[in-house]
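Accompanying notes for the structure given below.
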Amino acid sequence: MKNCVGQVVRGDDFWNRLHELASIWDAVLNGSHVLLVAPRRVGKTSIMRHMQDNPKEGYIIVYIDTESADSENEFWHKLFNALMEEEFIGRVKKYTQKFEHILEEINIKNISTKGVTFGDDTTVDYATAFEKLIKGLDNEIKLIIMIDEFAQTVENIIKYEDEKSAESFLRTHRALRQNTTLSKQVTFIYAGSIGLESVVSKTGATKLINDLNSIKVKPLTHKDAVAFTKLLAKSVSIDISGDVIKELLKEIEWFIPFYIQLLIQELKTLSREQGTKTIESKMIKEAMAMAISHQNLFANWRSKLKDGFKKKGYLYAKEILNIISEEDTLSSLQIQNIASKHKLDEDYAKEIIHSLEYDGYINNNDDVKEYRFNSPLLKQWWYKNVAN
Ligand SMILES: Nc1ncnc2c1ncn2[C@@H]1O[C@H](COP(=O)(O)OP(=O)(O)OP(=O)(O)O)[C@@H](O)[C@H]1O
Ligand SMILES: [Mg+2]
């Protein structure tokens with residue numbers, strides 16, 4: 001295992017997330033379509049890539065990232081291109097000898113804004129073309145289509161087109177999922193670094209995604225975090241005792257693989273600078289300070305808020321986070337007072353707090369009436385770079 005900081009991990013660098021993988025496969029085998037739910041950087045994409053690289057017998061997995069799709073057309077373009085890619089075709093060929101023939105029948109000549117044109121010169125809309133393509137595949141092939149950054153596409157459509165178009169896009173997806181013939185062969189897994197539920201609720205169309213089986217990707221357990229830290233330390237050749245690992249994890253608090261990787265990287269740098277292989281507890285604080293100096297790793301926690309909310313909402317969220325970064329906690333009552341100061345509608349203000357929880361900024365797990373940052377690293381970064 002290498003210490004890959006920031007990149008999606010594949011192969012041996014993936015720390016096996018047995019529970020999440022088991023839950024996702026259970027849902028797929030039971031015929032559900034899945035929404036992977038987790039805040040930013042928790043490891044959704046890595047889990048999807050791992051599934052794609054290690055599919056269960058009989059399944060072919062297609063992965064697309066639709067973050068840059070700003071319209072329904074662009075979305076479908078991406079999906080059809082992935083289905084026409086050699087890698088995918090190669091995987092299908094493994095399952096069926098009849099594939100050449102099938103491919104001839106479903107031969108796609110052109111993908112344009114009008115839809116998809118097949119070999120017989122018929123042009124149909126994307127959803128119909130998708131259905132045709134799937135029906136043309138052999139019954140023994142089961143497809144899983146993973147759509148990463150789906151919520152971003154919905155948000156882009158709201159921004160660059162309008163809410164109506166976004167609703168129609170969501171409706172088409174729901175219709176595909178509810179199509180019983182299609183569902184026998186295709187499972188959709190949606191994920192993204194912004195919450196689909198909060199984006200969809202802006203269009204008032206929550207019912208269009210309530211059929212999805214949502215599966216949470218949680219941070220690592222303490223036990224897993226210890227084992228993961230040990231492996232990473234070994235891979236970068238530093239010595240770190242069990243007690244120091246415990247102290248390190250106490251500081252990290254929110255055990256997502258990414259923050260552990262980041263701290264191991266900084267501890268390695270310190271160990272090099274200080275000419276010692278052994279990590280001592282006094283190096284931890286310094287490593288934390290070094291970690292938050294990487295602006296590129298944290299800055300989009302701020303920009304995502306700016307992009308995701310209207311100005312009033314952003315200013316409200318920013319003030320809440322500023323105060324929590326300074327005072328550690330903030331009570332629900334104080335939060336309500338700040339909402340009135342910002343003259344925000346009560347429901348809208350609640351929605352913003354919900355998004356902050358959902359997107360991984362804050363939680364009220366210890367006490368329902370009190371909010372705090374999930375991650376001390378983000379808290380410290382926010383305090384230094386946004387609040388002051
Ligand atoms: N199972 C894992 N094993 C090792 N490292 C992981 C694992 N999951 C995530 N990581 C690390 O965490 C970071 C983020 O992973 P990934 O991109 O998969 O998360 P994400 O939830 O898709 O993030 P985003 O919301 O930004 O898209 C990467 O540095 C990756 O190396
Ligand atoms: Mg991702």
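Quick one: would you say ILE194 is in contact with a helix residue (DSSP H, G or I) (Cβ under 8 Å, 6 or more places away or on another chain), among the aliphatic types (A, V, I, L, M) and not in a helix (DSSP H, G or I)?
On the way: in contact with a helix residue (DSSP H, G or I) (Cβ under 8 Å, 6 or more places away or on another chain): yes; among the aliphatic types (A, V, I, L, M): yes; not in a helix (DSSP H, G or I): yes.
Against the criterion (in contact with a helix residue (DSSP H, G or I) (Cβ under 8 Å, 6 or more places away or on another chain), among the aliphatic types (A, V, I, L, M) and not in a helix (DSSP H, G or I)), ILE194 qualifies.
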So which residues in the range 118-135 are assigned to a helix (DSSP H, G or I) and farther than 22 Å from SER32 by Cα, if there are any at all?
TYR126, ALA129
The range 221-240 residues that are among the small types (Gly, Ala, Ser), paired with ones that are at pLDDT below 95 (beta carbon under 7 Å, 6 or more apart):
SER235/MET1; SER235/LYS2; SER235/ASN3
Tabulated pairs, the range 359-370, first under 19 Å from ASP307 (Cβ atoms), second of a type in the set (D, E, K, R), C-beta under 8 angstrom, 6+ apart or interchain
ASP359/ARG40; ASP359/LYS304; GLY360/ARG40; GLY360/ARG41; ILE362/ARG372
Mind checking which residues of the range 1-54 are closer than 18 Å to VAL186 by Cα and basic (Lys, Arg)?
ARG49
Just to be sure I understand, how many residues within the range 175-203 are more than 12 Å from SER32 (Cα to Cα) and either polar (S, T, N, Q) or free of Cβ contacts under 8 Å to residues at least 40 places away in the same chain (or both)?
6
Name the residues in the range 66-83 that are under 16 Å from the mean Cα position of the chain (by Cα) and surrounded by fewer than 20 Cβ atoms within 10 Å (Cβ to Cβ), would you?
GLU67, SER68
For the range 123-153, which positions are within 28 Å of LEU29 (Cβ to Cβ) and in contact (Cβ under 8 Å) with a residue 60 or more places away in the chain?
GLU140, ILE141, LYS142, LEU143, ILE144, ILE145, MET146, ILE147, ASP148, GLU149, PHE150, THR153
Being closer than 23 Å to LYS142 by Cβ, away from ligand 1 (no atom under 15 Å from the Cβ), of a type in the set (Ser, Thr, Tyr) and surrounded by 20 or more Cβ atoms within 10 Å (Cβ to Cβ) is true for just one of SER46, SER32. Which residue is that?
SER32
Name the residues in the range 172-188 that are of a type in the set (Val, Ile, Thr) and not in a strand (DSSP E or B), would you?
THR172, THR180, THR181
Counted residues in the range 183-218 being within 16 Å of ligand 2 (Cβ to nearest atom) and among the polar types (S, T, N, Q) come to 1
Restricted to the range 146-174, and to residues that are within 12 Å of HIS33 (Cβ to Cβ) and away from ligand 2 (no atom under 16 Å from the Cβ), which residue is surrounded by the fewest Cβ atoms within 10 Å (Cβ to Cβ)?
ARG174
Determine which member of the set GLU74, GLU57, GLU67 is under 21 Å from GLY115 (Cα atoms) and either outside any helix (DSSP H, G or I) or within 16 Å of ligand 1 (Cβ to nearest atom) (or both).
GLU67
Could you list, ordered by first residue, the pairs with Cβ atoms under 7 Å in which the first is in the range 328-350 and of a type in the set (Ser, Thr, Tyr) and the second is surrounded by 15 or more Cβ atoms within 10 Å (Cβ to Cβ), at least 6 apart or interchain?
THR329/GLU370; THR329/TYR371; THR329/ARG372; SER331/GLU370; TYR348/GLY313
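With respect to LEU212, is the statement that it is at pLDDT 95 or above and under 27 Å from ASP26 (Cβ atoms) true? Outline the logic, then answer.
Working: at pLDDT 95 or above: yes; under 27 Å from ASP26 (Cβ atoms): yes.
Criteria met by LEU212.
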Could we say that ASP120 is acidic (Asp, Glu), more than 16 Å from ligand 1 (Cβ to nearest atom) and free of Cβ contacts under 8 Å to residues at least 12 places away in the same chain here?
yes
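Within the range 271-280, identify whether any single residue is part of a helix (DSSP H, G or I), among the polar types (S, T, N, Q), closer than 21 Å to ILE338 by Cα and over 23 Å from the mean Cα position of the chain (by Cα), and answer yes or no.
Filtering the range 271-280 down to residues part of a helix (DSSP H, G or I) leaves 271-273.
Right, trim to among the polar types (S, T, N, Q) and you get 271.
Keeping just the survivors that are closer than 21 Å to ILE338 by Cα gives none.
No, the range 271-280 has no match at all.
The values are calculated or read from the model by the stated rules, or taken from the named source; none is laboratory data. Since the structure is predicted, the reported quantities are computational estimates derived from the model, not experimental observations. Backbone-built Cβ (ideal geometry, glycine too); neighbour counts: all protein chains shown.
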